[in-house]
Amino acid sequence: MTTLSVDPRHWHWLGHPWKRDPAPKGLDAISQRARGWWSRRGASRDLRSSAESIVSESERSRDLGESALKSRILEVRDAVVMRHDERSRDAAFALMREAIRRELGLALHPEQMMGAVAMSRGAACEMATGEGKTLTAILPAALWGWSGHGVHVVTVNDYLASRDADISRGVFARLGLDVGVVTQSLPESERREAYARSVTYVSDKQVIFDHLRDRLKTPPAPRLVSHLLEQIDGASSEEPSWPGRVVQRGLFACVVDEADSVLIDEAVTPAIIATDTGDQRASRAEVHHAGAALARSLKEGEDFIVDRRLKRVHLTPAGREALVRMADSLPPFWQGPRRREELVVQAITAQQLFTRDDDYVVVHGKVQIVDPSTGRILDGRQWQLGLHQAVEAKEGVEISEPRRASARTAYQQFFQRYQHLCGMSGTLWEVRHELWSSYDLPVVRIPTHRPIARQQTPDAFFRNEADKFAAVADAVEAHHAAGRPVLIGTRSVAASERMAALLGERSISCSVLNANRETEEAAIIARAGEARAVTVATNMAGRGTDIRIDTRARQAGGLAVLATERHDERRVDRQLFGRSGRQGDPGIAQAFVSLDDALIVRHGLKPLVAITAALPAPAQRAAARALWRQSQWAAGVRAATVRAEVARSDARLEQALRGQSR
């Protein structure tokens, strides 16, 4: 006789299908923003008094013996599961704070408790660098972990997921919870086990692609009756049915570290699982190499026009005529006007708008995309519609096989599926409206435990990059001589290597952290706070890293952070500057900018650029400030528009397929 049962992990797939709420328009959009303001007020309500009350109650728990504390934890856990009220939550947080103190020797300060309370209310907390976000995340994760449904603590990469899991594992054990961690190298059977734990630490890419792979293993519309009938029919089969192959057990609760990076920056492109199309490699390679050769023979301004602001290429009538003439000597494939022009436009786009060691790197003969917001390699990612192959042809490496999407989801759609969602980061305020409209996440600013002592020096303005880099090198030399550690932030891999070479010419030894040297990250960051240390880094040093300065460095004035240009969004600059002045430490931060910076070239208002260039030095500084504010505003609006379009495109696809898409 066959016994029928349903594994708890399958209820996520067998329940009612998830449906996206349509994006509000007109008065509804205004109402939504007003609700966001009201929700931020609600999430901020009585945070300080609640935190101080929790700290006081926790201090009274210090006298409890180990067995008494354990019994008290079990008692409070049952109360939390049964009642879900603020009184039981505060009692739980007080005991969790004591468990952290006993396990790690660290007592959470009131500001950390404020962050934990706000996140338990479903908010995203802006907490400055060094304020202890890793430990703060333990509290809401444990609170939801007691429900038994599983909690995901999501961060930006495997290194941080493993590090935070190791730090928190002992604390969770004291609270009766176990911890799993999912990384790129983990096999499927161990992934299933990791997701079965009470709390799972995982990067955003791992959790979202595991979800997509699980969707490929399930029927388009799984139902309970079908699942039970499948158990009867397949009782004697050696091959497990779909419920035995999925690794996740649902999307119940999620705590997102570096929430603006995961929920905003990563949302620019949808997550896609693609399979090879099966095209013939030889003929495909010939086509892309021919396209690259044709593109190189055309002249910008005469045969094609490049819009670097919108990253688009347009052929002129003269360019089309030139292609017709050149196609006469090519195989019949090139006689079709539309496919001929599309391939050449892609090739020109690859050559003119995608830059090696900025948009991508070439590692072991393969083109690998670099994440612009973190400076890290996006392993396994490809640009779509033949663009990736066009870049490979440009670089002269082996042409990879194009892929066809098998499953996809926008980041907005994925994270909206969680029943409970909260997050934290050092830079959220600039995207508070978008976090509310996309995820119903109100943003709460948490004050620092100690006043910030970092000196923010006004931007240094230059007409060209050469003068700017020379000035940065002068500043590094001065800070180095004074005994301060220096962190130099660059926008691209190429800029980091160029800066390192310039410092080498001045006999200043430095460490370089970029997408070509990811394996050295932990060691480089560990040394970056030592007196007289010089580190040149892309945005990799701006997320999840905690640079601790030594005593000599503190006496010399702390860490000096020098940005070689402003980024598209102000919060990315704040992430970099936040490496300095953590927890009341001294520090210095300054940006060096020039008129040929990528931000100005792509987003600067041309009349304002011309005015800034023409003005004398005293008035030029004021115009430069206005120009950079305008450029960052324009870049931010464009990025938000792209993210909204990705979400709309995903919604249209889902509606067209009536919810049956992968």
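The values are calculated or read from the model by the stated rules, or taken from the named source; none is laboratory data. Small disclaimer: the values here were computed from a predicted structure and weren't measured. Backbone-built Cβ (ideal geometry, glycine too); neighbour counts: all protein chains shown. SASA here: full protein model, heavy atoms, side chains in, ligands and nucleic acids out. Shrake-Rupley method; radii C 1.70, N 1.55, O 1.52, S 1.80 Å.
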(Q) If I model a spin label at V324 and W633 as a point 7 Å from the Cα along the Cα→Cβ vector, what separation in nanometres do I get? (A) 4.7
Q | Amide H contacts of L378 (H built 1.01 Å from N, under 5 Å, at least 5 apart or other chain) | A | I369, V370, D371
(Q) Per residue of the stretch 484-499, what does 6.51 cos²θ - 1.76 cosθ + 1.60 with θ = phi - 60° give for ³J(HN,Hα)? Whole Hz please, x for Gly and Pro, Karplus curve as stated. (A) 7, x, 10, 10, 9, x, 10, 7, 9, 4, 4, 5, 5, 5, 5, 5
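Taking the Cα centre as origin and putting +1 on Lys and Arg beta-carbons and -1 on Asp and Glu beta-carbons, what dipole magnitude results for the chain, to the nearest 20 debye?
On the way: 92 positive and 84 negative charges, 294 e Å.
Value, rounded to 20: 1420 debye.
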Q) So how do 566-576, 524-534, 204-214, 306-316 stack up, highest first, on mean other-Cβ count within 10 Å? A) 566-576, 204-214, 524-534, 306-316
Q | 10 Å binning of all Cα-Cα separations within the chain, expressed as whole percents from 0 upward | A | 3, 13, 22, 25, 20, 11, 4, 1, 0, 0
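Ignoring ligands, DNA and RNA, please state the percent of accessible area on the chain from carbon and sulfur, probe 1.4 Å.
Details: 15600 of 29810 Å².
Taking all protein chains in place, the chain shows 52 percent carbon and sulfur surface.
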Q: Would you work out the relative contact order for the stretch 289-401, in percent, from Cα pairs under 8 angstrom that are 6 or more residues apart?
A: 23
Q) Near the amide H of V561, under 5 Å away, which other amide H atoms are found, from residues 5 or more places off or on another chain, if H is placed in the peptide plane? A) L487, I588, A589, Q590
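Show me the trypsin sites (Lys or Arg not before Pro) within the stretch 579-617 that DSSP assigns to loop and that have at most 12 other Cβ atoms within 10 Å of their Cβ. Please report the intermediate quantities before stating the final value.
Numbers: sites: R579, R582, R602; in loops: R579.
Counting only loop positions with at most 12 other Cβ atoms within 10 Å, none of the trypsin sites (Lys or Arg not before Pro) in the stretch 579-617 qualifies.
Expressed in nm to one decimal, what extension gain is obtained for the pair H84 and L64 from 0.36 nm per residue of sequence separation less their Cα-Cα distance? Kindly include the intermediate steps, with their values, before the conclusion.
Details: separation 20, 0.36 × 20 = 7.20 nm, distance 2.49 nm.
Here the segment from H84 to L64 would lengthen by 4.7 nm.
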Q) Considering amide H positions built from the backbone, and no H for Pro or chain starts, which residues 5 or more places from V443, or on another chain, come under 5 Å of its amide H? A) A124
Q) Based on the Cβ-Cβ distance of T355 and E57, what FRET efficiency does E = 1/(1 + (r/R0)^6) give at R0 = 60 Å, to the nearest 0.05? A) 0.60
**Q.** CD proxy at 222 nm, helix term only [per DSSP H run n ≥ 4: -39500 (n - 2.57); per residue of the chain; nearest 500]
**A.** -15500 deg cm²/dmol
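Leaving out ligands and nucleic acids, and using a 1.4 Å probe, what accessible area per residue does the chain come to in Å²?
Working: 29810 Å² over 662 residues.
On a per-residue basis, 45 Å².
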Q) Going by average Cβ neighbours within 10 Å, how do the peptides 189-196, 61-68 rank, with the highest at the top? A) 189-196, 61-68
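Summing Lys, Arg as +1 and Asp, Glu as -1, what charge do residues with Cβ under 11 Å from the Cβ of V179 carry, V179 excluded?
Details: positive: R169, R197; negative: D164, D166, D178.
Once all neighbours under 11 Å are counted, the net charge is -1.
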(Q) Can you give the Rg/Rh ratio of the stretch 117-209, where Rg is from the C-alpha atoms and Rh is the Kirkwood radius? (A) 0.95
Q) Can you give the accessible area of E188, probe radius 1.4 Å, in Å² rounded to 10? A) 90
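How big is the Kirkwood radius of the stretch 55-134, worked out from every pair of different alpha carbons and given in Å to one decimal? All intermediate terms of the calculation are to be shown ahead of the outcome.
Working: mean 1/r = 0.0749 Å⁻¹.
Averaging 1/r across every pair of different Cα atoms and inverting gives 13.3 Å.
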Q: Could you give me the radius of gyration and the Dmax of the stretch 314-402, taking only the C-alpha atoms into account and expressing both in angstrom?
A: 14.9, 46
Q: Please work out how much accessible surface T641 shows to a 1.4 Å probe, ignoring ligands, DNA and RNA, in Å² rounded to 10.
A: 80
Q. Tell me, what HN-Hα J-couplings in whole Hz come from the Karplus equation 6.51 cos²θ - 1.76 cosθ + 1.60 at θ = phi - 60° for each residue of the stretch 628-636, using x for Gly and Pro?
A. 6, 5, 4, 5, 5, 5, 5, 5, x
**Q.** Over 26 Å between alpha carbons, listed pairs K311/K394; K299/K366; K133/K468; K217/K311; K205/K366; K205/K468
**A.** K299/K366; K133/K468; K217/K311; K205/K468
Q.
In the stretch 412-475, if the dipole is taken from +1 on Lys/Arg beta carbons and -1 on Asp/Glu beta carbons about the Cα centre, which of V472, W429, P447 is farthest to the positive end?
A. P447
Q) How high is the relative contact order of the stretch 53-157, given as a whole-number percent (alpha carbon pairs under 8 Å, six or more residues apart)? A) 25
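For the chain, give me the percentage of DSSP beta bridges that are antiparallel, rounded to the nearest 5 percent.
Values: 15 of 64 bridges.
Around 25 percent of the beta bridges assigned by DSSP in the chain are antiparallel ones.
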Q | Space enclosed by the convex hull of the alpha-carbon atoms of the stretch 417-574, per residue, Å³ | A | 153
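Once you keep just the Cα pairs under 8 angstrom separated by 6 or more residues, what percentage relative contact order results for the chain? Can you show the working numbers first?
Numbers: 1132 pairs, mean separation 100.6, N = 662.
So the answer I get is 15 percent.
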